[in-house]
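Report on the structure given below.
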Amino acid sequence: MSAKTIFKKIIDGDIKANVVYEDDLCLAFHDVSPQAPIHVLLIPKKEVVNVADLTAQDEALAGHLLLTVNKVAEKLGISNGYRVVANCGLDGGQSVDHLHLHILAGRPLTWPPG
Ligand code: AMP
C-alpha cells in the first residue's frame, strides 16, 4: 500500500490542520503557506489524486466540491471575489497527490499565473 499523503493524514486526524469547514464528503482548511491573505484548501475525503483522476462515478462528488467552494467563501466572509485553482500533475505544479481546490482571496490576483 502506498504511503498516506499529507492530506490523507489530515483527514484521518494524524496531523492537525486549521479547519474552516467539514461535512461528510469534504474538508477545508487554511494552507500552511498562504499565497494570499485568504488561502484555503478544499479537499474530498475520498482519495482522488487530482482532476485527471476523477471518473464518472465522482460526478456527484465533483459537483459537491464546487458548490462547497461558495459555502466556504461565505463562511470566510469573502465579499470581493476569489480564485479557485486546481493544480493538476507535473506541469500543473501539483505537489500533493490528493485532489485539492485552492481558494484564494483578500487581494487582487493577477493573470496569467506563472
Ligand atoms: P499544490 O502545489 O497545488 O499541490 O498545493 C499543495 C498545497 O498544500 C500547498 O499550497 C502547500 O502549502 C499546502 N500544504 C502542504 N502541507 C500542508 C499542511 N500540512 N497543511 C496545510 N496546507 C499544506
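Taken together, the values in this text are just the output of simple stated rules run on the coordinates, not laboratory data. The structure presented is a predicted model; accordingly, all values stated were derived computationally and were not measured. Positions of Cβ are backbone-derived with ideal geometry, glycine not excepted, and every protein chain shown enters the neighbour counts.
Quick notes
- Boolean, Val20 is within 13 Å of the ligand (Cβ to nearest atom) and either among the acidic types (Asp, Glu) or surrounded by 13 or more Cβ atoms within 10 Å (Cβ to Cβ) (or both): yes
- Considering Ile78, Ile38, the condition of being within 15 Å of the ligand (Cβ to nearest atom) and among the aliphatic types (A, V, I, L, M) is satisfied by Ile38 alone.
- Filter pass, Ala56 being surrounded by 14 or more Cβ atoms within 10 Å (Cβ to Cβ), among the aliphatic types (A, V, I, L, M), farther than 16 Å from Asp97 by Cα and free of Cβ contacts under 8 Å to residues at least 12 places away in the same chain: no
- Some residue of segment 57-72 being within 9 Å of the ligand (Cβ to nearest atom) and within 15 Å of the chain's Cα centre (by Cα): no
- Cβ-Cβ under 9 Å pairs, at least 6 apart or on other chains, segment 18-41 side without any contact (Cβ under 8 Å) to a residue 60 or more places away in the chain, far side among the β-branched types (Val, Ile, Thr) and away from the ligand (no atom under 14 Å from the Cβ): Val20/Val72; Tyr21/Thr68; Tyr21/Val72; Asp23/Thr68; Leu25/Thr68; Cys26/Thr68
- Looking only at residues in segment 81-101 that are touching a residue at least 60 places away in the same chain (Cβ under 8 Å) and buried (at least 18 other Cβ atoms within 10 Å of the Cβ), the one that is nearest to the ligand (Cβ to nearest atom) is His100.
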